[in-house]
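Student: Okay, handing you the structure first.
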Amino acid sequence: MVGIVDYGMGNLRSVQKAIEYLKEMAIVSGECAALDACERLILPGVGSFGAGMRELKARGLDAYLKERAKDTVILGICLGMQFLLSRSFEDGENEGLGFVPGDVVRFREGKIPQIGWNSVSGLRTPLFAGIPEGSEFYFVHSYYARTAEQYNIASCTYTTTYAAAVHAGNVYGTQFHPEKSGEIGLRLLHNFLKLEVKR
């Protein structure tokens, strides 16, 4: 069963529907006891980094996710991916969960936010198994992740080249929305369901 982490922000139902389409059970909950029963966790997110982190901390979900990451595969989506980094400069400077060293910074050029389809390249790890290089995914964001190459498992270019997906240990993140990216997004979620836990 997949647990979709509810902290009051995010496209929870659309993510749940995508997982159920893949014939996997999914629950939406912000209760640690309910999430304990889940073999995998998804941390979605839409909104601002500062407000989101405050909600995670208020519910004790920040510490919970850090503990679960030791033996559970976790996928952060959009803002949920940004939470995985060390800090963000949205709404001032805010500390993230720190799974992936790096910063979340605002685009300086182009139309902001980036909204729409964009291609990703440099695909690495089994999260992208069977997904062709240059595949297009759906993005909606004004801030992007800036991290070391070793954590970057896919790249995208929108006025600058940045991490479209990240990975550290059992934690993965995508800046794009796989649940809104058609068949290619469903393939990525299918791959997520098959990822092996690293102990």
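Each value in this text was obtained by applying a stated rule to the coordinates, not by laboratory testing. None of these values were measured; they are calculated from a predicted model. Backbone-built Cβ (ideal geometry, glycine too); neighbour counts: all protein chains shown.
Student: Specify the inter-centroid distance of region 1-64 and region 75-138, based on alpha-carbon positions, in whole Å.
Tutor: Computed from Cα coordinates, the inter-centre distance equals 18 Å.
Student: Under a point spin-label approximation (7 Å from Cα along Cα-to-Cβ), what is the L22-D91 distance to one decimal in nm?
Tutor: For the pair L22/D91, the computed spacing is 2.9 nm.
Student: Rounded to the nearest 5, what % of DSSP beta bridges with both residues in region 2-194 are antiparallel?
Tutor: 60
Student: Please list the radius of gyration and Dmax for region 26-111, considering alpha-carbon atoms only, with Å as the unit.
Tutor: 13.3, 44
Student: Under 19 Å from the 7 Å Cα→Cβ point of W117, by amide nitrogen: which residues of region 169-199?
Tutor: 175-189
Student: Taking loop as defined by DSSP and a crowding limit of 13 other beta carbons within 10 Å, which trypsin sites (Lys or Arg not before Pro) in region 1-84 fit?
Tutor: K23, K70
Student: Collect residues whose amide H, placed 1.01 Å from N in the peptide plane, falls under 5 Å from the amide H of G76; neighbours closer than 5 in sequence don't count.
Tutor: Under 5 Å from the amide H of G76: L43, Y172, G173, T174.
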